[in-house]
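S.K.: My structure is below; once you've seen it, I'll send some questions.
The values are calculated or read from the model by the stated rules, or taken from the named source; none is laboratory data. Just so you know, these numbers come straight off a predicted model, no measurement behind them. Positions of Cβ are generated from backbone atoms using ideal geometry, with glycine treated the same way; all protein chains shown enter the neighbour counts. The protein model used for the area step is the full one, side chains on, heavy atoms only, and it has no ligands, DNA or RNA in it. Shrake-Rupley method; radii C 1.70, N 1.55, O 1.52, S 1.80 Å.
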Amino acid sequence: MMARKGTPLISKLAPGHRGCAGCGAALAAKLVLEGAGDDIIVCSPTGCLEVFTTPFPDNAWQVPWIHSLFENAAAVASGIERALRAMGNDHTKVMVIAGDGSTFDIGFGAISGMWERGHDVTYVCYDNEAYMNTGIQRSGSTPLCAATTTSPAGRVSLGKPQNKKNMPEIAVAHGCPYVATTSIGYPKDVITKVRKAVHTEGPTYVQVHSPCCTGWYYDPSLTAEIARLAVETGLYPLVEFENGVLTNVRKIHKRKPVEEYLKAQGRFKHLFKKEEGKEALRRIQQIADDNVKRYALE
Amino acid sequence: MMHKSPEMERMSVVEGSYAVAHAVKTCRPDVISAYPITPQTHIVEYLSQFVADGELNSEYINVESEFSALSALVGASAAGARTYSATTSQGLALMNEVLFNASGMRLPIVMTIVNRSLSAPINIWNDHQDSISARDAGWIQLYVEDAQEAGDAIAQAYWVAENHDVLLPTMVCMDGFILSHTYEPVVLLEEEKTREFLPPYEPLHKLDPANPKAFGMFMGPEMYTEFRYMQELAMDAALPKIKEAAALFKKIYGRWRGDVVDEYHADADVLLIAMGSVVGTIKDVIDELREEGVSVGLLKVRAFRPFPKQEIREAIKRAKVVAVLDKDVSIGTREGALFSEIKAALYNTPTRVPVVGYILGLGGRDIPAARIRQIVADAERVMEEGIKQESTYIDVNEEAI
Ligand SMILES: Cc1ncc(C[n+]2csc(CCOP(=O)(O)OP(=O)(O)O)c2C)c(N)n1
Ligand code: SF4
């Protein structure tokens, strides 16, 4: 069902779940389900979303849902998809909704296997850029210089020394016919891209930037704003690849300096306190500039 | 010329792995997912060929690891499909986390474990360390003695696992190489008889958009114990179901290789207890020894989970000494698992027979008839002189250490 103007979004993620106020992942899940349609089976790995939506006996999911382990959602989804086929069900779609930790790190091998085999599964990663469920540890998606509890800023450290892994392009390299990045700062964009992914046959990947007020240290009221800043600075390009070709990008009209995005969050505050922070800020700006060039965002 | 029984007429000489693959075919799983590893490989190759030839209409998922093999079956089984996999050793160890998950979600997956030792040192030959190490994962475990039983037990495993009073994943454990790679005369499962024996899988709960349900939810201390306890109750229910399945199987197919246990001269003074292919060697030795007037018998443990405590206690009551043979060891106890559990089963009963344990056949070391004779002789000495050594590693070459 489409949300009509003036009426609240009637979501298949019931209200009353136990996510933090201002949780970007919860919003992502709502929007994703909106785009997914009714005839869907969802599989989630261990993570914030799983924990806050299903504290037994409460269950926020109004679609069939399965959580198995932290690293096997793609394999579980593969099995569901083949089981449906074996049992003659050619309409129900299969979807994964997973955090970035399980996607970029521990579940990576299973995802690669699923893509290589070409399962008709839409894999959605809500990207909150760290392991939030275990208390804000770094993941392969944590951006350069973000402080997490396992990549803290310290006397000799400026936070995470590496930049984000480029998962979307890894998906493209696997031959996924549809790959997109989106952001909860742009709800319609999320719904449209997910819908497109679900209706594309074969393995599809959608990565939804989903700020986490708790792990990024900002006021819960700012979630959508921060999400948009990531896009407007060029740090989180919103792009679509179809059959390996970049087919669509969200253009940035008046690009903002990365400081505006970084300053708003506690996870980068050390960069503004230290002399070495200046060089780090320059490197992060370079990442944004490179993105702008690479995807022709301007 | 020897007269052939109707059973012998129907026999073909096949590899143990083929007997298993063929049995799986007659059970018609909707989804198969597996990853090759010696000595399980032949089973998955035969199944792939059946699918390639259109003889078996299953979805076969060629996964990138054993971890994903079982994970895929978790998804498939939750979606309501009948599922099958096979693995061994390192593959089973890699699945460990998913084993617990499958049983916790009460998914009746059936998997053949072609038993093999665990690395390091890497060794591809048979012992039971792999499946024994998975004993607490909440899976039914059946150990088979020959290729015939390896195949027959597949149909029985589905029958038990999918029963709504049970709903537990099931391992059929067969000895690597000794059973998997050996050609034996086997009566292959007939399609029509399997159709008569095994009803189609009717899931109690499944992933269904028309009736959305959640699997694998988050659960706090107030309910977790209850869920674990319900798994225990399912295991309790499985025990009579294994018996029922074996009896029904006998009625339809005409064969019997035991249910939760099987006894061979179990009224003897010296009672050997073992699992797996060594049972065959032991039976031969028993035949010889009984001719020589030795009162020796065998209790074959077929179900290790659920553990048939009551049946074992009954059998042991009549013995004067018990010798337990284990192809596995819990390092730090100098004991094999079966030995420890049999002692534990007796402790709170009035039965006070001496029980001694023997660890042997590790990493594929041969267990010749002479070794069984030596164990019987040792057990007879225990009967007269009492226990000198509770548990013994058989055949250790001290000079090599
Ligand atoms: C094998 C294994 N290792 C570690 C964990 C602990 N663990 C649970 S959730 C999680 C992090 C989840 O991070 P992510 O996927 O990014 O999702 P988020 O919590 O951020 O929503 C970790 C490390 C686990 N459950 N399983
Ligand atoms: S910690 Fe972050 S991701 Fe987890 S519920 Fe809170 S806001 Fe959402």
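S.K.: Name the single residue that is nearest to B:A153 (Cα to Cα) among those in region B:320-348 being open to solvent by 10 Å² or more (accessible area, probe 1.4 Å) and assigned to a loop (DSSP other than H, G, I, E, B).
M.R.: The qualifying residue nearest to B:A153 (Cα to Cα) is B:K327.
S.K.: Here's a follow-up. Just checking, how many residues over region A:110-128 are away from ligand 1 (no atom under 13 Å from the Cβ) and either more than 19 Å from B:G216 (Cβ to Cβ) or part of a helix (DSSP H, G or I) (or both)?
M.R.: Matching residues across region A:110-128 total 10.
S.K.: Among helices (runs of 4 or more DSSP H) lying entirely in region A:2-107, which contain 1 or more residues that are under 19 Å from A:I136 (Cβ atoms)?
M.R.: The qualifying helices (runs of 4 or more DSSP H) are A:24-36, A:48-53.
S.K.: Does A:A153 qualify as being away from ligand 2 (no atom under 16 Å from the Cβ), away from every other protein chain (no Cβ under 14 Å) and modelled with pLDDT of 95 or more?
M.R.: For A:A153, the condition - away from ligand 2 (no atom under 16 Å from the Cβ), away from every other protein chain (no Cβ under 14 Å) and modelled with pLDDT of 95 or more - is met.
S.K.: Within region A:73-83, does at least one residue satisfy the condition of being aliphatic (A, V, I, L, M), touching a residue at least 24 places away in the same chain (Cβ under 8 Å) and surrounded by fewer than 21 Cβ atoms within 10 Å (Cβ to Cβ)?
M.R.: No, region A:73-83 contains no residue that is aliphatic (A, V, I, L, M), touching a residue at least 24 places away in the same chain (Cβ under 8 Å) and surrounded by fewer than 21 Cβ atoms within 10 Å (Cβ to Cβ).
S.K.: Output the qualifying pairs, or none if there are none: Cβ atoms under 7 angstrom, residues six or more apart or on different chains, first residue in region A:144-160 and over 22 Å from A:A288 (Cα atoms), second residue in a loop (DSSP other than H, G, I, E, B) and among the aliphatic types (A, V, I, L, M).
M.R.: Qualifying pairs under 7 Å: A:T149/A:I136.
S.K.: Which count do you get for residues in region A:53-95 that are more than 20 Å from B:L107 (Cα to Cα), more than 7 Å from chain B (Cβ to nearest Cβ) and touching a strand residue (DSSP E or B) at 6+ places or on another chain (Cβ under 9 Å)?
M.R.: 4
S.K.: Considering only region A:199-285, give the strands (runs of 3 or more DSSP E) lying wholly within it that have at least 3 residues that are of a type outside the set (D, E, K, R).
M.R.: Of the strands (runs of 3 or more DSSP E) lying wholly inside region A:199-285, those with at least 3 residues that are of a type outside the set (D, E, K, R) span A:204-209, A:245-249.
S.K.: Can A:G47 be described as more than 10 Å from every other protein chain (Cβ to nearest Cβ), over 25 Å from A:H199 (Cβ atoms), surrounded by fewer than 24 Cβ atoms within 10 Å (Cβ to Cβ) and within 16 Å of ligand 1 (Cβ to nearest atom)?
M.R.: No, not satisfied.
S.K.: Which one of A:D105, A:D100 is out of contact with any helix residue (DSSP H, G or I) (no Cβ under 9 Å at 6 or more places or on another chain), closer than 21 Å to A:H209 by Cα and either at pLDDT 95 or above or more than 10 Å from every other protein chain (Cβ to nearest Cβ) (or both)?
M.R.: Result: A:D105 is the single residue among A:D105, A:D100 that is out of contact with any helix residue (DSSP H, G or I) (no Cβ under 9 Å at 6 or more places or on another chain), closer than 21 Å to A:H209 by Cα and either at pLDDT 95 or above or more than 10 Å from every other protein chain (Cβ to nearest Cβ) (or both).
S.K.: A further question follows. Can you find a residue that is among the small types (G, A, S), at the interface with chain A (Cβ under 9 Å from one of its Cβ atoms) and farther than 26 Å from B:V186 by Cα anywhere in region B:95-107?
M.R.: yes
S.K.: Report, by residue number, each residue of region B:154-172 that is among the aliphatic types (A, V, I, L, M) and over 9 Å from B:A245 (Cβ atoms).
M.R.: B:I154, B:A161, B:V166, B:L167, B:L168, B:M171, B:V172
S.K.: Among the residues of region A:61-68, is any away from ligand 2 (no atom under 16 Å from the Cβ), aromatic (F, W, Y) and farther than 23 Å from A:D189 by Cβ?
M.R.: Looking for residues that are away from ligand 2 (no atom under 16 Å from the Cβ), aromatic (F, W, Y) and farther than 23 Å from A:D189 by Cβ, one finds at least one in region A:61-68, hence yes.
S.K.: Considering only region B:139-151, state which residues are of a type outside the set (S, T, N, Q), part of a helix (DSSP H, G or I) and either under 11 Å from B:A303 (Cβ atoms) or more than 12 Å from the chain's Cα centre (by Cα) (or both).
M.R.: Selection gives B:A147 alone.
S.K.: Collect the residues in region A:123-169 that are open to solvent by 30 Å² or more (accessible area, probe 1.4 Å) and in contact with a His (Cβ under 7 Å, 6 or more places away or on another chain), keeping them in residue-number order.
M.R.: If the condition is that a residue be open to solvent by 30 Å² or more (accessible area, probe 1.4 Å) and in contact with a His (Cβ under 7 Å, 6 or more places away or on another chain), then A:A153, A:L158 are the ones that fit.
S.K.: Does A:G6 fit the bill of being away from ligand 1 (no atom under 16 Å from the Cβ), more than 7 Å from chain B (Cβ to nearest Cβ) and either modelled with pLDDT of 95 or more or touching a Gly at 6+ places or on another chain (Cβ under 8 Å) (or both)?
M.R.: Judged against the criteria, A:G6 is not a match.
S.K.: Considering each of A:A28, A:A36 in turn, give the residue that is within 14 Å of ligand 1 (Cβ to nearest atom) and under 20 Å from the mean Cα position of the chain (by Cα).
M.R.: A:A28
S.K.: Identify the single condition in (1) open to solvent by 40 Å² or more (accessible area, probe 1.4 Å); (2) touching an Asp or Glu at 6+ places or on another chain (Cβ under 8 Å) that B:A120 does not satisfy, given that it satisfies every other one.
M.R.: Among (1) open to solvent by 40 Å² or more (accessible area, probe 1.4 Å); (2) touching an Asp or Glu at 6+ places or on another chain (Cβ under 8 Å), the lone unmet condition for B:A120 is (2).
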